[in-house]
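Colleague: After the structure tokens below, expect a handful of questions from me.
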Amino acid sequence: MKDYYQVLGISRDVSQEEIKKTFRRLALCYHPDRNLHNKEQAEEKFKEINEAYQVLGDKDKRWHYDYLTTLYQYRQGSIREDVFSDSFGQNLNEEALRQLLRQLATLGFSFGSGLGYMKGCRRGYGQRCRRW
């Protein structure tokens with residue numbers, strides 16, 4: 001699995017604006033038309049930078065990429081197990097992790113849609129309301 005942060009040479013906690021600036025700088029540096037003496041190598045590097053920016057430049061794709069890489073590293077054993085520990089310090093077992101992933105998948109990216117928050121609720125906009 002490629003590390004897109006390493007491709008762009010940035011850390012994981014940078015802002016979207018910093019990702020954009022870094023991409024533009026690297027794209028100018030490795031554009032094939034500007035590197036006529038190493039056109040093939042520059043073209044490969046440019047494609048790699050562009051692929052990394054396509055993922056990290058979009059906020060939703062970046063979140064999904066970060067989540068999947070963390071899960072991949074956890075399964076490979078390259079990160080400590082306490083990344084997925086609950087607030088009481090107990091590690092989640094495999095079944096609890098699968099159940100959590102199923103619940104997240106049902107909610108999708110907009111977590112507010114499945115939590116019972118409705119616009120037309122008597123309590124007001126954005127407050128929890130149960131309509132059964």
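Read the figures in this text as sums done on the coordinates, not as results from a lab. Since this is a predicted model, take the numbers as computed values, not measurements. Here Cβ is always computed from backbone atoms with ideal geometry, including for glycine, and neighbour counts include all displayed protein chains.
Colleague: Karplus couplings for the range 4-11 from phi (6.51 cos²θ - 1.76 cosθ + 1.60, θ = phi - 60°), rounded to Hz, Gly and Pro as x?
Modeller: Running phi through 6.51 cos²θ - 1.76 cosθ + 1.60 with θ = phi - 60° gives 5, 5, 5, 4, 7, x, 10, 8 Hz.
Colleague: Considering only the other residues whose Cβ falls under 12 Å of the Cβ of Lys39, what net charge follows from Lys and Arg at +1 and Asp and Glu at -1?
Modeller: Around Lys39, the surrounding residues sum to -2.
Colleague: What's the local net charge at Gly57, with K and R +1, D and E -1, over the other residues with C-beta under 12 Å away?
Modeller: +1
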